[in-house]
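K.L.:
Okay, here's the structure, questions in a sec.
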Amino acid sequence: MNLILLGPPGAGKGTHAQRLMNELGIPQISTGDALRQAVKAGTELGLSAKKYMEAGDLVPDELVIGIVEERLKAPDCQKGYILDGFPRTVKQAEALSRFAKIDVALNLSLADEVIIRRLSGRRVCLKCGGTYHISTLNGRDTCANCGEKLVQRKDDAPETIRNRLSVYAGQTAPLIDYYQQKGLLRTVDCDPDATVEETYDAVRKALDLA
Ligand code: AP5
């Protein structure tokens, strides 16, 4: 299955992409993770992307389209893949349609006030991409997968979260109509009180895995 996970920042794209990756045995391709690794490594791409990411703005289309086009050529993408955080603009979606055939665009929908609560408490592993929330960590500050120290993302500061939500509404939300018109859209209305596992069950149902 060639799958796109759509949805506002903090809707749970990364959380469910990791579960789908484990269940389906296909890679999660997160442009956010790729860009954060480039920033950490101080590459040319990272240096160009850093100021946009820290402000909560989108990195220019031409920088991310190339990353995904190259990544999809790798042998581990032959059986399918999960695109997490790409495409983010109509221009990216149009570029994607020239080098990939998408089966489903799954839209995770969630109210802004829940998003702000989730992102302010998020802790991440910059080594393996593990994602946690302080409410379930019980004081632990290391990654359960690889033992790396967990950190708070710089763009999870309250004022940056607000900008990311507004960037999402202006530049990314139009993709919901774009994929609806192509007959590829499925939506999960995420219950704000549901656990991660309960929401993942809804994701599986929407993908006909349950
Ligand atoms: P990116 O890393 O893609 O960030 P994002 O889209 O803003 O998404 P997030 O990673 O913040 O949220 P998520 O939906 O994955 O939620 P998560 O699963 O972590 O992008 C970062 C930046 O990179 C962008 O701002 C931009 O600058 C740049 N960029 C990336 N891709 C780009 C592109 N294509 N074009 C241009 N620029 C690009 O969940 C959030 C929290 O909620 C976690 O703590 C989680 O544990 C918790 N949680 C999840 N589900 C539940 C639940 N059911 N109950 C309780 N807690 C839950």
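The values are calculated or read from the model by the stated rules, or taken from the named source; none is laboratory data. Note that this is a predicted model, so its numbers are computed, not measured. Don't worry about glycine lacking a Cβ; one is built from the backbone with ideal geometry, like all the others, and counts go over all protein chains shown. Heads up: the accessible areas ignore ligands, DNA and RNA and are worked out on the full protein's heavy atoms, side chains in. Shrake-Rupley method; radii C 1.70, N 1.55, O 1.52, S 1.80 Å.
K.L.:
Tell me, yes or no, whether the stretch 198-208 has at least one residue that is open to solvent by 50 Å² or more (accessible area, probe 1.4 Å) and in a loop (DSSP other than H, G, I, E, B).
P.N.:
Checked against the condition, which is being open to solvent by 50 Å² or more (accessible area, probe 1.4 Å) and in a loop (DSSP other than H, G, I, E, B), the stretch 198-208 yields at least one hit.
K.L.:
Can you name every residue in the stretch 19-37 that is farther than 21 Å from residue 178 by Cβ and either within 7 Å of the ligand (Cβ to nearest atom) or buried (at least 21 other Cβ atoms within 10 Å of the Cβ) (or both)?
P.N.:
Listed by number, the residues that qualify are 20, 28, 33, 35, 36.
K.L.:
Another one. Which residue, of 66, 130, is out of contact with any strand residue (DSSP E or B) (no Cβ under 6 Å at 6 or more places or on another chain), at pLDDT below 95 and open to solvent by less than 50 Å² (accessible area, probe 1.4 Å)?
P.N.:
130
K.L.:
Please identify the pairs in which a residue from the stretch 49-69 that is touching a residue at least 60 places away in the same chain (Cβ under 8 Å) has its Cβ atom under 6 Å from the Cβ atom of a residue that is open to solvent by 40 Å² or more (accessible area, probe 1.4 Å) and among the basic types (Lys, Arg), counting only partners at least 6 apart or on another chain.
P.N.:
54/154; 58/88
K.L.:
When you look at residue 159, is it free of Cβ contacts under 8 Å to residues at least 60 places away in the same chain, under 30 Å from residue 39 (Cα atoms) and over 18 Å from the mean Cα position of the chain (by Cα), yes or no?
P.N.:
Values: free of Cβ contacts under 8 Å to residues at least 60 places away in the same chain: yes; under 30 Å from residue 39 (Cα atoms): yes; over 18 Å from the mean Cα position of the chain (by Cα): yes.
When the stated conditions are applied, residue 159 passes them.
K.L.:
Same structure again: Look at the stretch 1-18 and say how many of its residues are more than 10 Å from the ligand (Cβ to nearest atom) and open to solvent by 20 Å² or more (accessible area, probe 1.4 Å).
P.N.:
Residues that pass the stated criteria total 2.
K.L.:
Could you check residue 95 against (1) aliphatic (A, V, I, L, M); (2) out of contact with any strand residue (DSSP E or B) (no Cβ under 8 Å at 6 or more places or on another chain); (3) touching a residue at least 40 places away in the same chain (Cβ under 8 Å); (4) open to solvent by less than 40 Å² (accessible area, probe 1.4 Å) and say which number it fails?
P.N.:
(3)
K.L.:
Could I ask something else about it? Considering the stretch 133-152 alone, what residues qualify as being open to solvent by less than 60 Å² (accessible area, probe 1.4 Å) and either farther than 24 Å from residue 85 by Cα or in contact with a Gly (Cβ under 9 Å, 6 or more places away or on another chain) (or both)?
P.N.:
Across the stretch 133-152, the qualifying residues are 133, 137, 142, 143, 146, 147, 150.
K.L.:
Further, regarding this structure: Does the stretch 98-117 hold any residues that are among the hydrophobic types (A, V, I, L, M, F, W, C) and free of Cβ contacts under 8 Å to residues at least 40 places away in the same chain, and which are they?
P.N.:
Hit for the stretch 98-117 is 99, nothing else.
K.L.:
Which of the residues spanning the stretch 164-197 are in a helix (DSSP H, G or I) and open to solvent by 50 Å² or more (accessible area, probe 1.4 Å)?
P.N.:
Result: 166, 169, 170, 171, 174, 177, 180, 181, 196, 197.
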